[in-house]
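Data block below; observations after.
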Amino acid sequence: MLRLLAAALTGACLAAVLVVALVGDQSRLWIAIPAGIAAMLMITLALAAASVPRQVGPQDPAVQRARAEGRLVAATVLSLRRTGTSVNDVPLYEVELLVEPTDRAAYRTTMRRLLDASQVGGFASGRRVAAVRLAPDAPDVVLLDEPPVGSSVASIDDPHSVDHWDSDPDAHVPGRTRSLIPVGRRHRFSRRVLFVAVGAGAAAAVARPYFHDIALRGRDLVARTHDGSYVRGRGRAAEVVRVFAAARGDTTVTEVLLYDGWASITAPTATGATTYDTFRIDGPHVGSGEPATIQPEPEDEFDLGDVDWDAVPRVFGAARTRNGITEDEMRGNIQHAGVRRDPSEGDVRIGVYLSTDYTSGSLEARADGAIIGE
């Protein structure tokens, strides 16, 4: 379960980062940062849980049942190796044992156990210990703090010639917890597919409202186009004002500023109000708005429907042509469009501004896109 949560959180974090990077919606950082931190915590806990198995005590009901069923055996310590992991400053060791059951052939197996300094001496190589086999068809054993049954000397001359029986983490063994997700090596591929699917699902849930913008911005980066630009992309200016109008429920504004990756719209704080806020729009997200730095006058208001928004890229193209600016010169430089009411003429106009490293230019057009002049 921890690994599934980690996969979901990782997917959500990566999707949020992608939205911030491509669309510019900084509000997605509130998903990216907590999800990233939580994913690292889940991964750490999952690794700790995998490396430190649950310690089954001698009084566990599964151990008592195994004793009653006659699976009390003697085992010989073959090796003791520190894993490098510690829990509450108690080191975790890997103990290799030679187990000699009475109902089947002897076998070697490996178990992990937390041992403090006072316990390590009891696991010296060659030492005989008492153990209980938890299941007749599994190698898993629990060591007991009592004298071993039978002889105090191993009956096998060369213990290392005995077959090693690896514990199956996916097998149902009494007293041992089993993961909801198969963890054995034979399930590695299907497990990875599951994690990828869960991560992709979480990523899709976070990025779903931004799919269109991500696709356009991604294509712009790869093909060096401008389809995602609110100034140059076909239909993008109309798209951003639709998003704003849908979020606000009102189409009355005083200014619209369009940039390549985002837009800014100044509008009344509420329908009929004479105070104004400026709202930032990133893809489908409309910010909560902040008081406009310079408060407009009511006579500056106009309706979004009064403007032919599809004319914005045409006006930009005309401005670039008239100023003799090439596409290479524009790359990486400033370009934006502003729509507002002209204070002297009283009509709504589209203004485009662009600059390069060495020159700049502008062009003005009426609300229907008819060019007025530079």
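The values are calculated or read from the model by the stated rules, or taken from the named source; none is laboratory data. Quantities reported herein were computed from a predicted structural model and do not represent experimental measurements. Note: ideal-geometry Cβ built from the backbone for every residue, glycine included; neighbour counts use all protein chains shown. Areas reflect the complete protein model, heavy atoms only, side chains present, ligands, DNA and RNA absent. Shrake-Rupley method; radii C 1.70, N 1.55, O 1.52, S 1.80 Å.
The residues of segment 58-130 present an accessible area of 51 Å² per residue when probed at 1.4 Å with all protein chains retained.
Between the C-alpha center of segment 214-246 and that of segment 266-306 there is a gap of 21 Å. What is the sum of charges around G24, taking Lys and Arg as +1, Asp and Glu as -1, for the other residues whose C-beta is under 14 Å from the C-beta of G24? Taking every other residue near G24 into account, the sum is -1. Counting Lys and Arg as +1 and Asp and Glu as -1 over every other residue whose Cβ lies under 13 Å from the Cβ of F123, the net charge comes to +2. Taken over the Cα atoms of the chain, the convex hull encloses 213 Å³ per residue. Given R0 = 56 Å, the distance between the Cβ atoms of D157 and S360 translates into a calculated FRET efficiency of 0.05. The alpha carbon centroids of segment 332-374 and segment 84-151 are separated by 81 Å.
Taking every C-alpha pair closer than 8 Å and separated by at least 6 residues, the mean separation divided by the residue count of the chain gives a relative contact order of 13 percent. Of the solvent-accessible surface of segment 65-167, computed with a 1.4 Å probe and all protein chains present, 45% belongs to carbon and sulfur. Share of carbon and sulfur in the accessible area of segment 334-374 stands at 45%, probe radius 1.4 Å.
Computed with a 1.4 Å probe over protein heavy atoms only, the accessible surface of segment 269-368 comes to 53 Å² per residue.
Only helices enter this figure: runs of n ≥ 4 DSSP H residues, each worth -39500 (n - 2.57), summed and divided by the residues of the chain, yield -10000 deg cm²/dmol at 222 nm to the nearest 500. Ligands, DNA and RNA excluded, the heavy atoms of M40 present near 120 Å² of accessible surface to a 1.4 Å solvent probe. Computed with a 1.4 Å probe on the full set of protein chains, the accessible area for E69 sits at about 120 Å².
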